[in-house]
Every structure is written in C-alpha cells, then in structure tokens.
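Okay, structure first, notes after.
Where a number appears in this text, it was derived from the coordinates with a stated rule and is not lab data. The structure displayed is predicted, hence computed values, not measured ones. Note that we place each Cβ from the backbone using ideal geometry, even for glycine, and neighbour counts take in every protein chain shown.
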C-alpha cells in the first residue's frame, strides 16, 4: 500500500470539499432564479448524492450562511470589485458570495482554500472569469478591516439593509412601524439559525417517553418554553431516517405553529375544517388533540400538498382527516355537507414571519406579494365563515409579521 503524505491527504480532502462547494453553488444559483426553497433543494441534493455527515453540514452552512448574509456579502464584493454584482452572471456572483462567506464567517476554512477552490469552480464553467474571482476575493481578504459601510444617521435604511442583510423595502416598512432599534433586533434575530422543534404524537407516546427514546441519537433535548407538547433538539442529522420518526412518534413543527391547534381547543367528536392545510402539521395536531375521534376536513389548493397531508396522517396513525383538493376562496359545499364546529384558516401569505427558517425568502419576495396575499386572505375568510355553526369558533392565522395580512384582514371581516 502506498504511503499517503499529508499533502496527498489534504488534496484528497479539498477534492471532496469541492464537491460540497459545487453542490452549494448549484443550490444558490437555483435560488437566485427564485426556484424552490433552500431546505427542499438541499434535501434533493442529499437524496441524489452520497455526501458524508461532515460534507452535509458544510453544504448546509454554506447555503444558509450565504442566504442569511447575502446583502452584506454583495456590498463587500461590490466594494472590492468596484463593479455592481448584478452585472456578473449568476454563476460568478454566487461563487463570489460563497468565497466571501468563507473568508469572513468561517474561521476554520483557510484563506487559501476559500480563494483557490472558488477560482477552480469558476474555471470549470467560466474560465475567463477565474482571474476576476481570484482578484476580488484576495482584495476582500486584504481590505476586510477597511471596508466602508453606510452611516446609520445619514442612511438608516441602507445601513440596516447592508449590515443585517434584509431587503431595503422590508427594512423601510419595519422602521416605519417599529422604529430603528427594534428593526435592527428583528433583522438580527432573523439571521440566527432557528431551533429544530418537534411535537410528540399524543396518540402514540408521552413527551417524556419520547425524550428518553431520542437521547441516544440527539446531542441535546429541551422542553419548549410555551408549547406543552414540544421539544427542541440539537445535533440533529437526517431526522427522516430516524426509526423513531418512521414509527410516527413525532412531527417536526415550529413551536409557534404548535400553539395554533391549542388555541383552537378541539374536542373529541367535533367536526372541524382546516383550510390551506398542507403539509398537515396543524391538521394532525388537531386530530391528536381530538384523540383521533371526530372528523377533520383538510383542504389545500396544491395536489402535492394534499398528498403530503395524507402521507403525514398515515405515518402518525391518524384516520379522521379527509383530504380534498380545493381552493378555500371558492365554493366548498360539496365537501361541507354540514356546518363546522370550528374552522382553522391558516391562510396562505407572504411568509415574512418565517424568514429565519427560510432566508431565501428575503431575496425572492417583494412588497407587492403582501398586498396580493391580503386580497386572497380576505376572500378565504369571507367564503369559509358561512360554513361555521352559530356559536362556533373560527381561528385566522398567518406566518406573516405584517399588519396588512393580519389585523387589517380581521378588521375588514
């Protein structure tokens, strides 16, 4: 067997990491053209390619890191290149973002690796731009302590937009509503990695028993601070392959989403409508609270969404949910033969409230989406309210922070 030198081992490791960088680059390019969600594209890559646990973590860090810090990275790249980043191709601007993120945020990545591997990625597809990539990244490394930024007093919107990486239109809205300091805090929190939260399946297991089962595979497990049935996990890897997940003993769901079903307070034997129900997190939680007794009608306008609801019900052992491909803003009398005791309208929205989990949304959305969503939300609540029993309960919720999609819709109704 030939002796492997440190140089050979390092070269081999860089080749593997280049595959991870290439995968990250391809995901970012797709997201740059507003294609899909980061988590779904990462999952797609992992399903198609056999990456190690380390490389999976590296890909996840690179993709989410660039998305969280994108406007800051773009500002720095433009200062270092003296050229607007939008004038570069999607390939080159995302190679530069990846390289700059490694230089500025990943201490364990050597400068030489961050620069040289970026140059090699450029050479693979756009040879003529490889020198430009090399020059820009080396300039960023040299000038990192002397990069000028917008002054907060003179340009408050641009300052927050650049330093805290949020689109200027959204920063402007938040400053007008919350003020300068609170807007900074909102943006700062949005740039933190969200907790990984699950909900114990009440039909199959108690929360404390679930904690014991997961201990051997999870680094850290804590109770949620508000949801009585939620757990926060740390050190999670490929959770869908965990035997406990496959047995349907828990559902992955943010803590805030878990609270909606508890507020609805469903009872065994009730007839409940869950509109805009995909992927089924709230419908299945409602079914668990009903002890799988009664009837839940779950609607979604997307065929794949309906399939997801069915898949999750089957895994969790729930049989009281009936799914229908329907537009909640239109007539549903064919599936609503009787009026409902309770209706949950978890309306489709701009998704501004989940940018922490979906940072790609910062760069894919625009202000017009808020107003377009509001029009649909008003139609849905007006349409479905007539299917509620007298004295019944209707819960309206969104995953948006914006008043236009929440208070204004309710007040208009």
Item to complete: May I ask for the distance between the Cα centers of the stretch 219-248 and the stretch 130-209, given as a whole number of Å?
Response: 26
Worksheet item: If one takes the longest principal axis of the Cα atoms in the chain, at what angle in degrees, from 0 to 90 and to the nearest 10, does the Cα axis of helix 367-384 lie?
Response: 10
Fill in: Considering only the chain, percent of DSSP beta bridges that pair antiparallel, nearest 5
35
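How far, in nm, would the chain grow between residue 54 and residue 246 when pulled straight, counting 0.36 nm per residue and subtracting the alpha carbon separation?
Length difference between fully extended and current span is 66.7 nm.
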Worksheet, complete the sentence: Listed with the fewest Cβ neighbours within 10 Å leading, 255, 407 appear as 407, 255
Fill in: Rounded if a/c under 1.5, otherwise prolate or oblate - the stretch 68-216, Cα gyration tensor axes
oblate
Discussion item. If you fit an axis through the alpha-carbon atoms of helix 70-81 and take the longest principal axis of the Cα set of the chain, what angle between them do you get, 0 to 90°, nearest 10?
Written reply: 20
Worksheet, complete the sentence: Helix 90-105 sits off the longest principal axis of the Cα atoms of the chain, rounded to the nearest 10 on a 0 to 90 degree scale, by 80
Item to complete: Any chance you could check the Cα centroid distance between the stretch 370-404 and the stretch 27-87 for me, in angstrom?
Response: 35
Response to the item:
Gyration tensor on Cα atoms of the stretch 123-204, a ≥ b ≥ c root eigenvalues, a/c under 1.5 rounded, else prolate if a/b beats b/c, else oblate, says oblate
Item to complete: Using the number of other C-beta atoms within 10 angstrom as an exposure proxy, rank 118, 400 with the fewest first.
Response: 400, 118
